[in-house]
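Chemist: Dropping the structure in here first, questions after.
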Amino acid sequence: MSSFSGFSRTEKTLVGYLPAGFPTVDGAVRTLTAMAESGCGALEIGLPYTDPVMDGPAIQTAATKALENGTRTEDVLRTVERVAAATGVPIFVMTYWNPIEQYGIDRFAQRLSDAGGAGCVLPDLPVQHSLPWREVADKHDLAGVFVAAPSSTDKRVAEIARASTGFVYAASTMGVTGMRSEVSGQDLVARIRAATELPVFVGLGVSNGRQAAEVASFADGVIVGSAIVRRMLDAPDVDTGIAEIRTLCAELADGTRRLVGSP
Amino acid sequence: MFFHPAVGDGTGAFGRFGGQYVPEALVAAIDELAVAYDKARGDEDFATELNTLLADYAGRPTPLTEVPRFAESVGARVFLKREDLNHTGSHKLNNALGQALLAKRMGKPRVIAETGAGQHGVATATACALLGIDCTVYMGKLDTERQALNVARMRILGAEVVSVPTGSGTLKDAINEAFRDWVANVDSTHYLFGTAAGPHPFPTIVRDLQRVIGVEAREQIQRRTGQLPDAVLACVGGGSNAIGAFHPFLDDDTRLIGCEAAGDGVETGRHAATFAEGRVGVLHGSRSYFLQDDDGQTIETHSISAGLDYAGVGPEHSYLKDIGRAEYVPVTDAEAMDAMRLLARTEGIIPAIESSHALAGAVKLGACLGDVVLINLSGRGDKDMDTAAKYFELVGE
Ligand SMILES: Cc1ncc(COP(=O)(O)O)c(C=O)c1O
């Protein structure tokens with residue numbers, strides 16, 4: 001069972017993402033553990049999928065590598081278990097919907113809960129189709145995080161906020177995962193806040209401490225994926241990759257907790 | 001009159017199939033499209049504009065041709081619905097013209113599309129050239145190689161063709177990339193989806209725009225034979241030509257038979273026969289049958305025909321299969337290629353390899369089909385001559 005009882009709205013949270021099985025199953029466990037040690041207050045563990053329509057080149061490449069390594073849904077759940085035991089931070093599985101459905105929604109939730117996971121982030125499950133997940137998530141005391149986009153109407157923002165537990169994911173921009181030179185999302189965060197008391201985390205595009213600080217000035221948390229994955233993709237070996245990611249996470253954590261505009 | 005939208009409930013649910021399994025960023029766009037289409041389907045101006053283009057530009061109605069010499073290999077009277085004679089050489093233009101008009105109405109200056117065989121890409125590039133819309137087509141890398149002629153056609157029509165190297169380099173990867181583009185450019189861009197799959201409202205829009213195939217054929221064959229066909233056959237990739245051919249016969253006593261690509265044979269694992277081996281799941285925006293492994297990962301498919309080389313099928317076909325109204329049979333590469341050559345030699349018509357799967361299905365099932373058989377010849381084979389030349393060793397001394 002997860003000990004997750006919700007995020008604070010007074011402290012800012014850095015959330016780091018990495019797909020399970022990348023660069024290898026063990027390499028991912030070590031990397032995720034290092035991420036928690038260097039400032040990530042929560043982790044998203046990606047379930048590698050063959051058709052990741054919301055992901056840009058970095059995460060696509062990492063997911064493909066993980067699948068080529070033979071990573072299975074079971075491996076993702078074992079990764080959650082090992083990282084939860086090693087770090088104690090809340091862990092979310094970030095996954096496209098079909099793998100959960102094929103594994104068995106209830107069975108997946110049961111296993112995730114047993115592994116100590118806090119819940120799932122579901123980027124391609126729109127709220128109108130989310131009832132089957134929400135029913136089992138309730139039963140197993142798991143969070144379900146849905147994504148709000150800049151294009152979401154206020155009515156949908158309200159539905160997304162109502163369906164979400166744990167936090168609400170605000171997509172900073174219209175687009176897929178990947179690093180961007182400018183990160184926004186302030187308007188959307190304000191619209192989500194009007195609909196819920198839940199913490200609002202912003203993802204998509206953040207890659208450095210400056211951007212993390214900007215986002216943290218209006219959001220409760222900052223989600224970083226592609227920039228972390230890119231460090232590992234570009235590294236000559238896993239240890240170098242982990243060292244690079246430690247440095248990056250420390251910078252991002254520093255940015256996330258620095259209050260922009262405060263003296 | 002060529003635009004024959006069906007009466008529907010507008011929910012996009014086909015029994016337990018269909019839906020809108022898309023990222024939140026796209027929900028506003030598909031909702032906007034559903035509203036725009038709902039308005040257009042009842043609008044006389046839209047119908048007039050589309051009907052005029054389908055008549056004067058596309059060349060509708062397409063003929064119905066009886067093929068007695070080919071029919072000797074079937075054992076029934078066989079009629080071909082000649083979508084190969086539609087402008088650009090396939091049924092795909094019926095859908096592309098309709099959706100391009102819709103894009104104009106929605107004020108979208110840019111259109112993107114995915115393509116497998118290149119026929120949908122060519123049809124989209126054509127409609128966009130005609131209507132002055134900016135066009136980008138995503139195509140799997142493998143498909144750009146085996147359908148190189150169509151890449152050149154799209155480019156001369158002014159479209160940008162983007163080769164997609166990820167995954168298996170086929171249709172599903174082109175669809176993924178088109179979705180990624182759409183998420184980022186949704187304000188300015190209409191995704192002109194090419195088959196009767198994807199999230200609602202695409203399966204409904206594409207079906208409605210392709211119904212003209214079956215509506216025309218139904219009337220033509222009755223006039224010619226005094227009866228309805230005993231069976232209608234069509235090849236099934238995502239399912240657009242098949243649903244267009246089948247739909248007007250749903251209330252009739254006519255067998256509806258979809259022919260899916262069995263590649264090297266269903267037993268070899270190298271195929272794209274979704275109904276033969278698929279399970280229900282969610283891919284590309286809808287709930288339907290898909291070829292997937294135990295973990296729900298999409299399986300790489302194989303077919304000699306790029307247009308059928310897809311792991312999924314549209315949700316309405318899944319529904320028709322579940323309720324037993326339509327049947328789906330696997331046809332191998334070899335059977336399709338034999339049928340392609342047979343039609344060429346007996347009737348002087350070179351069919352697309354996709355359509356050859358439907359021809360082969362008729363040869364395979366034979367006289368048990370009844371007295372009068374309708375086959376939808378969804379496209380012509382010019383684009384496939386490179387593949388056929390290699391397969392039959394047609395070039396050289
Ligand atoms: C001639 C032809 N027939 C059939 C298809 C398969 O598509 P659908 O199943 O949507 O008709 C294609 C697709 O490229 C095609 O080019």
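The values are calculated or read from the model by the stated rules, or taken from the named source; none is laboratory data. Since the structure is predicted, the reported quantities are computational estimates derived from the model, not experimental observations. Backbone-built Cβ (ideal geometry, glycine too); neighbour counts: all protein chains shown. Just so you know, the surface numbers come from the protein's heavy atoms only, side chains and all, with ligands and any DNA or RNA stripped out. Shrake-Rupley method; radii C 1.70, N 1.55, O 1.52, S 1.80 Å.
Chemist: Here are B:Gly98, B:Gly116, B:Gly75, B:Gly89: which of them is within 16 Å of the ligand (Cβ to nearest atom), surrounded by fewer than 24 Cβ atoms within 10 Å (Cβ to Cβ) and in contact (Cβ under 8 Å) with a residue 60 or more places away in the chain?
Modeler: One residue alone meets the criteria, B:Gly89.
Chemist: Considering only the range B:1-51, how many residues are within 14 Å of chain A (Cβ to nearest Cβ), among the aliphatic types (A, V, I, L, M) and under 15 Å from B:Asp208 (Cβ atoms)?
Modeler: Qualifying residue count for the region: 2.
Chemist: For the range A:154-173, give me each residue that is within 24 Å of A:Glu214 (Cα to Cα) and outside any helix (DSSP H, G or I).
Modeler: If the condition is that a residue be within 24 Å of A:Glu214 (Cα to Cα) and outside any helix (DSSP H, G or I), then A:Gly166, A:Phe167, A:Val168, A:Tyr169, A:Ala170, A:Ala171, A:Ser172, A:Thr173 are the ones that fit.
Yes or no, residue by residue, for (1) within 9 Å of chain B (Cβ to nearest Cβ); (2) aromatic (Phe, Trp, Tyr); (3) surrounded by fewer than 21 Cβ atoms within 10 Å (Cβ to Cβ); (4) assigned to a helix (DSSP H, G or I):
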residue	(1), (2), (3), (4)
A:Ile45	no, no, no, no
A:Thr50	yes, no, no, no
A:Ile59	no, no, no, yes
A:Ala62	no, no, no, yes
A:Ala66	no, no, no, yes
A:Val76	no, no, no, yes
A:Ala86	no, no, yes, yes
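Chemist: Could you check the range B:222-246 and list, in sequence order, the residues that are surrounded by 23 or more Cβ atoms within 10 Å (Cβ to Cβ) and not in a strand (DSSP E or B)?
Modeler: If the condition is that a residue be surrounded by 23 or more Cβ atoms within 10 Å (Cβ to Cβ) and not in a strand (DSSP E or B), then B:Pro229, B:Gly237, B:Gly238, B:Gly239, B:Ser240, B:Asn241, B:Ala242, B:Ile243, B:Gly244, B:Ala245, B:Phe246 are the ones that fit.
Chemist: Given the conditions (1) among the charged types (D, E, K, R); (2) assigned to a loop (DSSP other than H, G, I, E, B); (3) surrounded by fewer than 19 Cβ atoms within 10 Å (Cβ to Cβ), report the number of the one that A:Asp26 does not fulfil.
Modeler: (2)
Chemist: Within the range B:316-333, how many residues turn out to be farther than 18 Å from B:Lys364 by Cα and within 13 Å of the ligand (Cβ to nearest atom)?
Modeler: Residues meeting the conditions: 2.
Chemist: Additional query: Please state which of the following conditions B:Tyr138 fails to meet, knowing it meets all the rest: (1) open to solvent by 20 Å² or more (accessible area, probe 1.4 Å); (2) of a type in the set (Phe, Trp, Tyr); (3) away from the ligand (no atom under 16 Å from the Cβ).
Modeler: Unmet for B:Tyr138, out of (1) open to solvent by 20 Å² or more (accessible area, probe 1.4 Å); (2) of a type in the set (Phe, Trp, Tyr); (3) away from the ligand (no atom under 16 Å from the Cβ): (3).
Chemist: So in the range B:154-179, with the set limited to residues that are open to solvent by 10 Å² or more (accessible area, probe 1.4 Å) and part of a strand (DSSP E or B), which one is farthest from the ligand (Cβ to nearest atom)?
Modeler: Among them, the one singled out is B:Glu160.
Chemist: When you look at B:Gly296, is it within 14 Å of another protein chain (Cβ to nearest Cβ), surrounded by 24 or more Cβ atoms within 10 Å (Cβ to Cβ) and either away from the ligand (no atom under 13 Å from the Cβ) or free of Cβ contacts under 8 Å to residues at least 12 places away in the same chain (or both), yes or no?
Modeler: In short, yes.
Chemist: Kindly indicate whether any position in the range B:52-71 is open to solvent by less than 10 Å² (accessible area, probe 1.4 Å), of a type in the set (Phe, Trp, Tyr) and either more than 14 Å from every other protein chain (Cβ to nearest Cβ) or more than 13 Å from the ligand (Cβ to nearest atom) (or both).
Modeler: For the range B:52-71, residues open to solvent by less than 10 Å² (accessible area, probe 1.4 Å), of a type in the set (Phe, Trp, Tyr) and either more than 14 Å from every other protein chain (Cβ to nearest Cβ) or more than 13 Å from the ligand (Cβ to nearest atom) (or both): present.
Chemist: Same structure, new question: Using the structure shown, decide if B:Gly312 is within 14 Å of the ligand (Cβ to nearest atom) and closer than 25 Å to B:Leu80 by Cα.
Modeler: Against the criterion (within 14 Å of the ligand (Cβ to nearest atom) and closer than 25 Å to B:Leu80 by Cα), B:Gly312 does not qualify.
Chemist: Can you find, within the range A:162-188, the residue that is farthest from A:Pro199 (Cα to Cα) among those that are hydroxyl-bearing (Ser, Thr, Tyr) and within 13 Å of another protein chain (Cβ to nearest Cβ)?
Modeler: Going through the qualifying residues, I end up with A:Thr177.
A quick yes/no check of all residues on (1) among the aromatic types (Phe, Trp, Tyr); (2) buried (at least 23 other Cβ atoms within 10 Å of the Cβ); (3) facing another protein chain (nearest Cβ under 10 Å):
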{"position": "A:Phe92", "(1), (2), (3)": "yes, yes, no"}
{"position": "A:Asn98", "(1), (2), (3)": "no, yes, yes"}
{"position": "A:Ala118", "(1), (2), (3)": "no, yes, no"}
{"position": "A:Leu125", "(1), (2), (3)": "no, yes, yes"}
{"position": "A:Val147", "(1), (2), (3)": "no, yes, yes"}
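Chemist: Of these, A:Gly41, A:Gly16, A:Gly6, which one is away from every other protein chain (no Cβ under 12 Å), open to solvent by less than 10 Å² (accessible area, probe 1.4 Å) and touching a Leu at 6+ places or on another chain (Cβ under 9 Å)?
Modeler: Only one candidate qualifies: A:Gly16.
Chemist: Here's another thing I want to ask about it. Considering only residues that are farther than 16 Å from B:Asn86 by Cβ, in contact (Cβ under 8 Å) with a residue 40 or more places away in the chain and of a type outside the set (Val, Ile, Thr), which ones fall in the range B:119-139?
Modeler: B:Tyr138
Chemist: Can you give me the number of residues within the range A:203-225 that are open to solvent by less than 10 Å² (accessible area, probe 1.4 Å) and within 14 Å of another protein chain (Cβ to nearest Cβ)?
Modeler: Here the count works out to 2.
Chemist: Which of the residues that make up the range B:343-371 are more than 16 Å from the ligand (Cβ to nearest atom), open to solvent by less than 30 Å² (accessible area, probe 1.4 Å) and among the small types (Gly, Ala, Ser)?
Modeler: Within the range B:343-371, B:Gly366, B:Gly370 qualify.
Chemist: If you don't mind, another one. Are any residues in the range B:247-267 open to solvent by 40 Å² or more (accessible area, probe 1.4 Å) and either without any contact (Cβ under 8 Å) to a residue 60 or more places away in the chain or within 16 Å of B:Leu233 (Cβ to Cβ) (or both), and if so, which ones?
Modeler: Listed by number, the residues that qualify are B:Leu250, B:Asp251, B:Asp253, B:Arg255, B:Glu267.
Chemist: While we're on this one: If you go through the range B:204-254, how many residues are out of contact with any Leu (no Cβ under 7 Å at 6 or more places or on another chain), away from the ligand (no atom under 13 Å from the Cβ) and among the polar types (S, T, N, Q)?
Modeler: 3
Chemist: So which of B:Gly214, B:Gly169, B:Gly194 ends up being more than 11 Å from every other protein chain (Cβ to nearest Cβ), at pLDDT below 95 and in contact with a helix residue (DSSP H, G or I) (Cβ under 6 Å, 6 or more places away or on another chain)?
Modeler: When all the criteria are applied, what remains is B:Gly169.
Chemist: Determine if the range B:180-200 includes at least one residue that is under 18 Å from the mean Cα position of the chain (by Cα), surrounded by 24 or more Cβ atoms within 10 Å (Cβ to Cβ), in a strand (DSSP E or B) and more than 11 Å from the ligand (Cβ to nearest atom).
Modeler: Checked against the condition, which is being under 18 Å from the mean Cα position of the chain (by Cα), surrounded by 24 or more Cβ atoms within 10 Å (Cβ to Cβ), in a strand (DSSP E or B) and more than 11 Å from the ligand (Cβ to nearest atom), the range B:180-200 yields at least one hit.
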